[in-house]
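The values are calculated or read from the model by the stated rules, or taken from the named source; none is laboratory data. Keep in mind the model is a prediction, meaning the values are calculated, not measured. Note: ideal-geometry Cβ built from the backbone for every residue, glycine included; neighbour counts use all protein chains shown. The area values use the complete protein model at the heavy-atom level, side chains included, leaving out ligands, DNA and RNA. Shrake-Rupley method; radii C 1.70, N 1.55, O 1.52, S 1.80 Å.
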Amino acid sequence: MSGATTPAPGRLDTVRRFVNTLDIDSATDALTTPGELEDWLRSASLLAGATSVGPDDLARAVVVREALRSALTANHGGDPIPAGALAVLNDAAARARLTATLTARDGWRPRPAAGGVDGALGGLLALVGDAMADGTWARLKICVNDTCQWAFYDESRARSGKWCSMQVCGNRAKQRAWRDRKAESTT
Ligand SMILES: [Zn+2]
């Protein structure tokens, strides 16, 4: 994905940016070392204090990232979260000791009791829980262009957005459909 996309509201955008640390279109990954993961989590205010981030943490974070991508893909049709992704996210929630916590204004919300990277990933999952509760989660989606798969926030009134950007991936899809129709009509 090369163009700009609409940010998700509030802290849900942190989830969108986390999923987009892997740019499939340009084959660049912002999370390839434990240090990069630590920097990212700190800049997103998910990790504080002294902690050591190791290769296992990085591996788990990447698995969680791809499970989130899979869960967001299901948001197109209101489909259930695929079983594999569900297992990964529930495992991460257990490691983070995600706990129902009474908040001052928003009722009971999941909050991580664990520290370190497990707690930071739990903080991301807590943002998912908050977004599910306030209805914004269903609009966070993955671009249906397989070579893109960029996370974007669907602001369309009908919640029918398919592409990260109409100008980029939407047009690519239209041109492909047009070429396919043309090929069919000439055979
Ligand atoms: Zn796209």
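Sorting the Cα pairs of region 144-187 by distance into bins of 5 Å, from 0 upward, gives 5, 21, 23, 19, 14, 9, 6, 2 percent per bin.
Length gained on full extension, Arg157 to Thr28, computed as 0.36 nm times the residue gap minus the Cα-Cα distance: 43.2 nm. The order of the peptides 42-48, 79-85 by mean Cβ neighbours within 10 Å, most packed first, is 42-48, 79-85.
Quick check: the distance between the Cα centres of region 1-75 and region 123-187, to the nearest angstrom? What the calculation gives is 19 Å, centre to centre.
If the only charges are +1 at each Lys and Arg Cβ and -1 at each Asp and Glu Cβ, what is the size of the charge dipole of the chain around the Cα centre, to the nearest 20 debye? It would help to have the intermediate numbers written out before the result.
Values: 23 positive and 21 negative charges, 144 e Å.
That gives a dipole near 680 debye.
Per residue, the convex hull spanned by the Cα atoms of region 86-187 amounts to 139 cubic angstrom. Multiplying the residue separation of Ala173 and Ala59 by 0.36 nm and subtracting their alpha-carbon distance yields 37.7 nm.
Over region 12-185, Cα pairs under 8 Å with separation of 6+ residues give a relative contact order of 21 percent. Only Cα pairs under 8 Å and 6+ residues apart enter the sum, and on that basis the relative contact order of region 139-187 stands at 28 percent. Quick one: P(r) of the chain from all Cα-Cα pairs, 10 Å bins, percents rounded to integers, in order of increasing distance. For the chain, the pair-distance distribution reads 9, 34, 34, 15, 5, 2, 0.
Take the alpha carbon gyration tensor of region 71-125, find the square roots of its eigenvalues, order them as a ≥ b ≥ c, and report rounded if a/c is under 1.5; if not, report prolate when a/b exceeds b/c, else oblate. Before the final figure, lay out each step's value.
Numbers: a/c = 2.70, a/b = 1.41, b/c = 1.91.
Oblate.
Going by average Cβ density within 10 Å per residue, which order do the peptides 108-121, 88-101 take, highest to lowest? Provide the component values of the computation, followed by the final result.
Details: 108-121: 20.2, 88-101: 17.5.
The densest-packed peptide leads the list: 108-121, 88-101.
Only protein heavy atoms count here; under a 1.4 Å probe, Leu12 has an accessible surface of about 10 Å².
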